[in-house]
Amino acid sequence: MHLSALPDARSAQDPDGPAIADDSVELTNVEFSSAVALAADVLRSRGISETDVVAIMLPNNASFVVGMFAAWQVGAVVTPINPSLTTAEVSYQLDDSGAKVVITAPERVVDIPESVDVIADLAGPRETTGALSREPSFRDLALLIYTSGTTGRPKGVMLDHGNLDAMCSMIIEAFELDDAAHSLLILPLFHVNGIVVSILSPLLAGGRASIAGRFDARSFFDHVERSRPTYFSGVPTIYAKLADLPSDVTPDTSSLRFAVCGAAPASVELLSKFQDRFDVPIVEGYGLSEGTCASTINPLRGTRKPGTVGLPLPGQSVRIVSADGDEIDRGEVGQVLIHGPNVMRGYLNKPDETATTITGDRWLRTGDIGFLDEDGYLTLVDRAKDMLIRGGENIYPKEIENVVYQLPEVFEAAVVGRSHPVLGEEPVLFVSLVSSAILEESEIREHLVGKVSKFKFPAEIQVIESLPKNPVGKIDKPSLRRQIADGALTQS
């Protein structure tokens, strides 16, 4: 089913059945369908039509979902924006995506460039209803998900309705979702995981979704006991915080069939600690925005192998290749490639990077390093790129480095990750200065404020005499990581 038709189809089949709920509103299918239709009319009244881009910069709530489906009903493309981004970062995404309008909260209107129309009320003034001038197609672009690259400039991942339909079908089959499915969304809706796993898949399966606000370990199980979800998706940091709750926290988790862990590798010890305490099985998975969310998952039924990220989802293939691109044997380490109808169309306005990432026969080069065992389970060994993951949020060092290089005193800058017991990783910034320059750590921090989002902010800044180099003269980041681990680096 094309997603633009889903609200009306649910309303016709079961008008009074539950659809979407958040911390303040509960929408039945007919109420959801009506809200989407009204919001679609609001978009039309602002001149939005087929192929236009609609940005949505909202916290986790039902309005985000209503706005997304409304955009699809008028044939538009949705680009979700992280509400915690700085004004400069928001402006970049709006400009690069070509967004004509942004749906946001009234207090964020001041952060939007005057060239972009703003909707702060989806139930605002409306015009007569209208319909698409043509039948919607699965080749229509549906989402522009922005993910940073090693160049430090965010890239728009182009996902069409065919990508979403294929991905949701895989999730529904792998997780055995039906009309009893009830997800509890705790991941941000500006991530494709939150959209696909916790919203689209249960709705397409005939189930429903409850949207929690900002995650808080202390109140999480109150949500579970109140809404009685059948599953949720999280990141290792979330499971670590929940597993470390006081021992007198003994929630009723009997409604939960399973939980999903992705975005970053989780230790076997963490998975066991959570499962043993709360009696909820965790299935680990792996995927990228470029693959519309997920490519492998440990099976619900059958063998789950802790430490691996499981088997390819139905309809996908995974292979491991050498540096020359040749497929290598099971157990050998190489680059992970994925193939399937979920592979993105490409990067917006970046044909060269698209060609580098997707092969001629549509295999996606993930940039991740891993191996397949004798049963076909994938184990990730390392990330080929320098990306680090802090509490489930992707951080690309080049973005921070580019801002630091704006300081005239800076000669070289490098950001690497160091381990953190709860967040997984955190960024550490190393800086060397031009000759005779003086620059304090506090001055660097002051420069970064407002230019780098809070979750990207370095946990530590060290000003050192010189940065290590590899044999070809490039900054040797592996050496920095090793020296962090050994405690060998000292400030100048």
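A few notes on this one:
- Residues being in contact with a Pro (Cβ under 8 Å, 6 or more places away or on another chain), surrounded by 18 or more Cβ atoms within 10 Å (Cβ to Cβ) and at pLDDT 85 or above - total across segment 235-257: 1
- Residues of segment 310-339 that are without any contact (Cβ under 8 Å) to a residue 60 or more places away in the chain, out of contact with any strand residue (DSSP E or B) (no Cβ under 7 Å at 6 or more places or on another chain) and either on the phi > 0 side of the Ramachandran plot or not hydrophobic (A, V, I, L, M, F, W, C) (or both): D324, G325, D326, D329.
- Residue match in segment 132-150 (condition: open to solvent by less than 10 Å² (accessible area, probe 1.4 Å), of a type in the set (A, V, I, L, M) and at pLDDT below 95): no
- Failed criterion for I395 (all others in (1) under 19 Å from P478 (Cβ atoms); (2) at pLDDT 90 or above hold): (2)
- Residue in segment 183-200 that is out of contact with any Ser or Thr (no Cβ under 6 Å at 6 or more places or on another chain) and over 20 Å from Y286 (Cα atoms) present: no
- The lone exception for R418 - which of (1) open to solvent by less than 40 Å² (accessible area, probe 1.4 Å); (2) touching a residue at least 24 places away in the same chain (Cβ under 8 Å); (3) in contact with a strand residue (DSSP E or B) (Cβ under 7 Å, 6 or more places away or on another chain) it fails: (1)
- Unmet requirement for N193, which otherwise passes all of (1) over 21 Å from I171 (Cα atoms); (2) open to solvent by 10 Å² or more (accessible area, probe 1.4 Å); (3) assigned to a helix (DSSP H, G or I): (1)
- Test: residue in segment 278-296 that is open to solvent by 50 Å² or more (accessible area, probe 1.4 Å), free of Cβ contacts under 8 Å to residues at least 40 places away in the same chain and within 26 Å of D222 (Cα to Cα): yes
- Enumeration of residues in segment 196-209 that are part of a loop (DSSP other than H, G, I, E, B), in contact with a strand residue (DSSP E or B) (Cβ under 9 Å, 6 or more places away or on another chain) and more than 15 Å from F32 (Cβ to Cβ): none
- Checking S201 against (1) touching a residue at least 40 places away in the same chain (Cβ under 8 Å); (2) within 18 Å of the chain's Cα centre (by Cα), the condition it does not meet: (1)
- In segment 423-443, the residues that are open to solvent by 30 Å² or more (accessible area, probe 1.4 Å) form Cβ pairs under 9 Å with partners that are assigned to a loop (DSSP other than H, G, I, E, B) and of a type in the set (S, T, N, Q), at six or more places apart or across chains, as follows: L433/S492; E441/Q491.
- Taken over segment 151-173, residues that are of a type outside the set (K, R) and crowded, with 22+ Cβ neighbours inside 10 Å amount to 9.
- Screening segment 298-317 for residues that are open to solvent by 20 Å² or more (accessible area, probe 1.4 Å) and hydrophobic (A, V, I, L, M, F, W, C) and picking the one that is farthest from Y231 (Cα to Cα) gives L311.
Conditions (1) farther than 22 Å from L3 by Cα; (2) out of contact with any Leu (no Cβ under 7 Å at 6 or more places or on another chain), marked per residue:
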{"site": "L184", "(1), (2)": "no, yes"}
{"site": "H191", "(1), (2)": "no, yes"}
{"site": "L204", "(1), (2)": "no, no"}
{"site": "R208", "(1), (2)": "no, yes"}
{"site": "F215", "(1), (2)": "yes, yes"}
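- Residue ID - surrounded by the fewest Cβ atoms within 10 Å (Cβ to Cβ), chosen from residues in segment 340-377 that are hydrophobic (A, V, I, L, M, F, W, C) and at pLDDT 95 or above: A355
- Checking the stated criteria, V268 turns out not to satisfy the condition of being over 27 Å from G156 (Cα atoms) and open to solvent by less than 20 Å² (accessible area, probe 1.4 Å).
The values are calculated or read from the model by the stated rules, or taken from the named source; none is laboratory data. Remember, it's a predicted structure, so these values are computed and weren't measured experimentally. Counting neighbours? That spans all protein chains shown, and the Cβs are built from the backbone with ideal geometry, glycine included. We work out accessible area using only protein heavy atoms, side chains counted, and drop any ligands, DNA or RNA first. Shrake-Rupley method; radii C 1.70, N 1.55, O 1.52, S 1.80 Å.
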